[in-house]
Amino acid sequence: MKIVIIGAGQVGGTLAENLVGENNEITLIDTNSETLRELQDKMDLQVVAGHGSHPDVLKQAGAEDAELVIAVTSDDSTNMIACQICYSLFNTATKIARIRSAKILKYQEELFQNKNIPVDHVIAPEQLVTRDIARLIDYPGALQVLEFAKGKVSLVAVKAYYGGLLVGHALSTLREHIPNVDTRVAAIYRNGKPIRPLGTTVIEADDEVFFIAATIHIRAVMNELQKLEPAYKRIMIAGGGNIGAGLAKLLEKNHQVKLVEHSPKRAAYLASELSDTLVFVGDSSDQELLTEEHIDQFDVFIAVTNDDEANIMSSLLAKRLGVRKAMVLIQRSAYIDLVHGSNIDIAVSPQHATISALLTHVRRGSIDNVYSLRGGAAEAIEIVAKGTQQSSKVVGRTINAIKLPPGTTIGAIVRDEEVLIAHSDTVIEAEDHVILFLVNKKFISDVEKLFYVDPLQFY
């Protein structure tokens, strides 16, 4: 696929890195020539220095025959104008824009149409991150919660703890523990490395376990792997930007929420907008402030300012002062690795959330959802099976008869309203939503080929 990416920041650069090895022809546009040179030295792609909203620059980048244009600069206006130009001048098939402003997103249904602003898909990082954090609040103890098939199925990552009912036992005993719940372990990471989950695999303490189940059964399965944590009630949010404000609005009805904001003006605005959140002015990394506000009595501390260092330091301080859980927003991918293994419980990356949303629209075939995992090394995807037994390599076949790429697991199938956990004798039917876990995303093209429908077989 020929793809033009506008914006070589963290999102654009990471996206290019994800796509360049998948037989795509990538051209990257940015005003920063030095950044472009660095990325070109690192990856096999074309670069064009200039403004991504200028017609001549887009033409030079090959927008005339590009199948996909992705505008992910830090400026919403540039992204929208680039999509408009690609539609008006080059008739580009698919146009994706990153939009951060809540004031624009408020009118997205009316605005983003071909007759107005021709954007086919909108990616809103702040909304994605807010949604991800809210899910983690809903499932105390989860490291990650991913939803598929409009929320019917969830893939959840948890850490197995000493004392967990399944720790020290083989996976095959899971059914004995919870006979009325069907689930499947999709992947296990031990000391940061994936191991293939078999019935004989024994769960060890500190294993990171990814399991898939119908969303209504998630808590029951979590209880087998770790002591089920009590619900989060008291939450402190550090940072009153779009994410902090959005989180407070989502959580304040069912939780006690306090929000710390550095700017008096912004704090006053938030206090008028939020009905059940206590907003106060201050520095979230101030030990005296956290002590005065009794941080040790809070269940969760969530640092979501636009400063990575401030988020990390305030979260570490909150943990030292006794908060039960600390979640931190981190923009720089290098910092995520640093945080891993520290006292901070969960690091949330807007880049990873954005990349996942973008990949959903980039992948070939009938793919409904893509989640980038483990720093981009792994992926979870939802793909719709198409065709007949004659035209498809998966339809009409049992799972054990399908030649899956190495390290790939089919976790579940959603058929209409029914959730089927995948077993070796499960038969895939046309229009099934199949959820797969890939420990190595380099095999994604093999998965796409596997689900490819041969049109010649229809005749």
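Just so it is clear, none of the values below were taken in a lab; they were calculated from the coordinates. Predicted model only: the values in this text are computed from it and were never measured. Counting neighbours? That spans all protein chains shown, and the Cβs are built from the backbone with ideal geometry, glycine included.
From its DSSP helices (H runs of at least four residues, each -39,500 (n - 2.57)), the chain gives a residue-normalised ellipticity at 222 nm of -8500 deg cm²/dmol. A full extension of the chain between S342 and E38 corresponds to an added length of 106.3 nm, given 0.36 nm per residue minus the alpha carbon distance. The alpha-carbon atoms of the range 235-350, seen along their principal axes, cover 38, 27, 26 angstrom, with the largest extent given first. Toward the positive end of the charge dipole of the chain, with +1 on the Cβ of Lys and Arg and -1 on the Cβ of Asp and Glu, the farthest Cα among L28, T92, T426 is that of T426. Evaluating 6.51 cos²θ - 1.76 cosθ + 1.60 at θ = phi - 60° for every residue in the range 134-144, the Karplus couplings come out as 4, 4, 5, 5, 5, 10, x, x, 6, 8, 7 Hz, glycine and proline recorded as x.
Dipole size in debye (nearest 20) for the range 353-458 around its Cα centre, Lys and Arg Cβ +1, Asp and Glu Cβ -1?
My answer is approximately 560 debye.
Cβ crowding within 10 Å, taken as a proxy for footprinting-reagent exposure, orders R266, R175 from fewest neighbours to most as R175, R266.
Take every pair of alpha-carbon atoms less than 8 Å apart whose residues are at least six positions apart; their mean separation over the length of the chain yields a relative contact order of 10 percent. Hey, if you put +1 on the Cβ of every Lys and Arg and -1 on every Asp and Glu Cβ in the chain, which of V145, Q127, S101 ends up farthest toward the positive end of that dipole? Looking along the dipole axis, the top candidate is V145. For the range 41-199, the Kirkwood estimate of the hydrodynamic radius, built from every pair of different alpha carbons, is 19.8 Å. Evaluated at q = 0.24 Å⁻¹, a Debye calculation over the C-alpha positions of the range 129-225 (equal weights, vacuum) places log10 I(q)/I(0) at -1.36. How many percent of the alpha carbon pairs in the range 207-296 exceed a separation of 16 Å? Percentage above 16 Å: 61. Between the residues I330, L436, V47, the greatest Cα displacement towards the positive end of the dipole of the chain, with unit charges on the Cβ of Lys, Arg, Asp and Glu, is found for L436. Highest mean packing comes first when the peptides 105-118, 70-83 are listed by Cβ atoms within 10 Å, giving 70-83, 105-118. The dipole here belongs to the chain: it is taken about the Cα centre, uses +1 on the Cβ of Lys and Arg and -1 on the Cβ of Asp and Glu, and is about 540 debye. In plain terms, the residue of S314, S275, S391 with the fewest other Cβ atoms within 10 Å comes first and the most crowded comes last, giving S275, S391, S314.
Distance between the C-alpha centres of the range 1-76 and the range 108-177: 29 Å, rounded to the whole angstrom. Nearest-5 percent of antiparallel DSSP beta bridges in the chain? Around 55 percent antiparallel, to the nearest 5. Of the cross-linked pairs K106/K249; K152/K393; K233/K319; K233/K325, those separated by over 23 Å at the C-alpha level are K152/K393. What nm value, rounded to one decimal, do you get for the distance between D283 and L143 when each label is placed 7 Å out toward the C-beta? Here the modelled spin labels are 3.4 nm apart. Starting from one equal scatterer on each C-alpha and no solvent at all, send me the Debye-based log10 I(q)/I(0) for the chain at q = 0.07, 0.08, 0.12 Å⁻¹, two decimals. Relative scattering, expressed as log10 I(q)/I(0), comes to -0.39, -0.51, -1.14.
Using the alpha carbon gyration tensor of the range 2-123, what are the three equivalent-ellipsoid semi-axes (square root of 5 times each eigenvalue), largest first, in whole Å?
Semi-axes (√(5λ), whole Å): 23, 15, 13.
With a simple spin-label model that places each label point 7 Å from the Cα along the Cα-to-Cβ direction, the separation between L198 and T398 comes to 1.9 nm. Can you classify the range 376-459 as rounded, prolate or oblate using the Cα gyration tensor, where a ≥ b ≥ c are the square roots of its eigenvalues, rounded means a/c under 1.5, and otherwise it's prolate if a/b beats b/c and oblate if not? Since a/c reaches 1.5 but b/c is at least a/b, the shape of the range 376-459 is classed as oblate. Here the range 387-405 and the range 238-303 have alpha carbon centers that stand 52 Å from each other. Taking amide hydrogens as modeled 1.01 Å from N in the peptide plane, which residues meet the under 5 Å criterion relative to V279, leaving out close sequence neighbours? Counting only residues 5 or more places away or on other chains, the set is L259. The string of couplings for the range 175-184 from the Karplus curve (6.51, -1.76, 1.60, θ = phi - 60°) is 5, 5, 5, 10, x, 8, 10, 9, 8, 9 Hz, one whole number per residue in order, with x for Gly and Pro. For the peptides 191-197, 441-447, the ranking by packing is 441-447, 191-197, with the highest mean count of neighbouring Cβ atoms within 10 Å listed first.
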